[in-house]
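> This structure is in structure tokens; I'll ask about it shortly.
Coordinate-derived values only; no laboratory data. Source: prediction; values computed, not measured. A quick note on method: Cβ atoms are made from the backbone with ideal geometry, for glycine too, and the neighbour counts reach across all protein chains shown.
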Amino acid sequence: MSFALGILPAGLLLAGFPIFIVLLAASMIALSVYMSVPLTAVQQNLFGSINTVGLLAIPYFIFAGELMSRGTVSVRLVNFVRSFVGPLPGALGVTTVGTASIFGAISGSSAAAVASVGKVMYPAMDAAGYPKTISAGMITSVSAIGIIIPPSIPMIVYGASSETSIPRLYAAGILPGLLLAAMLALYIVIRASGSRFEVAERLSFSNILKATGKAFWALGAPVIVLGGIYGGVFSPTEAAAVASLYAIVVTRLIFRELTWKDILDCAMNTALFSAQILVIVATAGLFSWILTVNQVPQHLVTWIASANVQPWQFLLIVNVLLLVWGCVMEPMSAILLLTPVLIPLVDALGIDKVHFGIILTLNLAVGLFTPPFGINIFVAQSALKMRTIDVYRGVLPFLLVFLAALVLITYIPAISMTSAELFMLD
């Protein structure tokens, strides 16, 4: 059985097979060779894994993000954030952090933030004298905030996999996301203080009013989604549907930037991307069921108990594991593969599943821009016309900031749990 559940998946991953093929092949070998279970269990578990109401939010949020990432939404957000920054050193860099955070709250997509924010901010920073590697590294890394600040698609997947409240996960992600954004902005200010990257602009109340007016409708999306969830108006799935409708109204009827054909194209892209995610969800559910039937998580819990591993030691090991794992696997696949194994250990050690979900998400956010296979790196390379090695060099300082934030959020649970209590109204 160890061959089917361990050696075979590892070999297929190293050979470059898609993750759903890896999980399905390992599951079929395990069922056919090592287990006396009717193969009808395959379709039952595949269907059962995606027969979850919470997963309906995924295509809706993807669709809303697709719509809002086109047109001038990113430009409006940049001007809005820039109007508040004023003469601060590294103002364009701080604007990049703020814009990526807000754009993440609209789309929940890190890659979309890289492309949309990058096409506006990179030329501006280049003209202001920012080193190209710093600009590229900044855009590539800070866009990862998009999967930490809600609405976050990886949090939906984790919540469905671990049976954890998605609204509570969203609430728990707000303060950690803001803390991370503040740490990144502080680093940029300190770095820019000793350089002359740009000419400071005067803080103007009239500019703030003008930029706020132009960005008003774009800023409405996260307000409606989060306000509706925590105000008890609708569930996360209903909020995602409302966000999609709102995005259509804003981009087609208010901004008048998209045609109905563009909206149909967005819907087709959404269907394709959603199918890619859900096929992984289905096969991961089958693989997880096999692990559970063969009591793999239970054996791990027993081993942890016998080894007298403390919670802080377990979290350190998990952080290292996830940082390495995130370098070679995209977040959704990693969550679906690791959650069924780790959650029994989390429960056994008395670690809150909401807090652990934030740790897991932040680790995998780091993987989005960590060499050699971080997806943000390749998006930035294409969108910014940069060499991969230059993007690698640019992200390293920001990687250290993310790791410092990870240590704080891991070992000060109050950051996540206070956020969860503060923003949950029930």
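> In sequence order, what are the phi-derived ³J(HN,Hα) couplings for the stretch 213-222 according to the Karplus relation 6.51 cos²θ - 1.76 cosθ + 1.60 with θ = phi - 60°, rounded to whole Hz, with x for glycine and proline?
Per residue, the Karplus-derived 3J(HN,Hα) values read x, 6, 9, 3, 5, 5, 6, x, 4, x Hz.
> Further question on the same structure: Can you tell me the 0 to 90 degree angle between the C-alpha axis of helix 236-248 and the longest principal axis of the chain, rounded to 10?
Here the helix axis deviates by roughly 40 degrees.
> Can you give the local net charge around ALA383? Use residues other than it whose beta-carbon is closer than 15 angstrom to its beta-carbon, Lys and Arg +1, Asp and Glu -1.
Details: positive: ARG70, LYS119, LYS132, LYS385, ARG387; negative: ASP126, ASP390.
Around ALA383, the charge tally is +3.
> Right, another one. Between rounded, prolate and oblate, where does the stretch 210-266 land on the alpha carbon gyration tensor, with a ≥ b ≥ c its root eigenvalues, rounded for a/c under 1.5, else prolate if a/b exceeds b/c? Mind dumping the intermediate values first?
Numbers: a/c = 3.71, a/b = 1.31, b/c = 2.84.
The shape class here is oblate.
> Right, another one. Would you please put 167-173, 180-186 in order of how densely packed they are, using the mean number of other Cβ atoms within 10 angstrom per residue and starting with the highest?
Output ranking for 167-173, 180-186: 167-173, 180-186.
> Contour minus end-to-end for GLN313 and GLN276, with contour as 0.36 nm per residue of separation and end-to-end as the Cα-Cα distance?
Extending this stretch completely gives an extra 9.8 nm.
> Something else now. Rounded, prolate or oblate for the stretch 1-70? Axes are the square roots of the Cα gyration tensor eigenvalues, ordered a ≥ b ≥ c, and the cut-off for rounded is a/c under 1.5.
Note, shape of the stretch 1-70 comes out oblate.
> Give me the angle, in degrees from 0 to 90, between the Cα long axis of helix 40-50 and the longest principal axis of the Cα atoms of the chain, rounded to the nearest 10.
20
> Still on this model: Quick check on the chain: helices-only [θ] at 222 nm, where DSSP H runs of length 4 and up contribute -39,500 (n - 2.57) each and the sum goes over total residues. Nearest 500, please.
-24500 deg cm²/dmol
> By how many nm would the segment from THR72 to ARG387 lengthen if fully extended, with 0.36 nm per residue of separation less the alpha-carbon distance?
110.7 nm
> In addition: Within 10 Å, count the other beta carbons around each residue, average over each peptide in 36-46, 346-356, and list them highest first.
Values: 36-46: 13.0, 346-356: 19.0.
Result, highest mean first: 346-356, 36-46.
> In addition: By the gyration tensor of its Cα atoms, with a ≥ b ≥ c the square roots of the eigenvalues, what is the shape of the stretch 138-246: rounded for a/c under 1.5, prolate for a/b over b/c, or oblate? Before the final figure, lay out each step's value.
Numbers: a/c = 3.01, a/b = 1.54, b/c = 1.95.
The shape class here is oblate.
> Moving to a separate point now. With angles folded into 0 to 90 degrees, how steeply does helix 388-411 sit against the dominant principal axis of the chain? Use alpha carbons for both and round to 10.
For 388-411 against the chain, the angle is about 70 degrees.
> In the structure displayed, which of LYS119/LYS353; LYS119/LYS210; LYS214/LYS261 lie more than 29 Å apart, Cα to Cα?
LYS119/LYS353
> Ranking request for peptides 258-269, 398-409, 223-234: highest mean number of other beta-carbon atoms within 10 Å first, then the rest in descending order.
398-409, 223-234, 258-269
> Another question, if that's okay. Using the Kirkwood radius built from alpha carbon pairs, what does the Stokes-Einstein equation give as D for the chain at 10 °C and 1.306 mPa s, in µm² per second? Present the calculation step by step, with values, prior to reporting the outcome.
Details: Rh = 22.2 Å.
In µm²/s, the coefficient is 71.
> In nm, to one decimal, how far is the modelled label at SER36 from the one at GLN295, with both set 7 Å along Cα→Cβ?
Here the answer is 1.8 nm between the modelled labels.
> Moving to a separate point now. By how many nm would the segment from PHE216 to ASP262 grow when fully extended, if each residue of separation counts as 0.36 nm and the alpha-carbon distance is taken off?
So the chain would gain 14.3 nm between PHE216 and ASP262.
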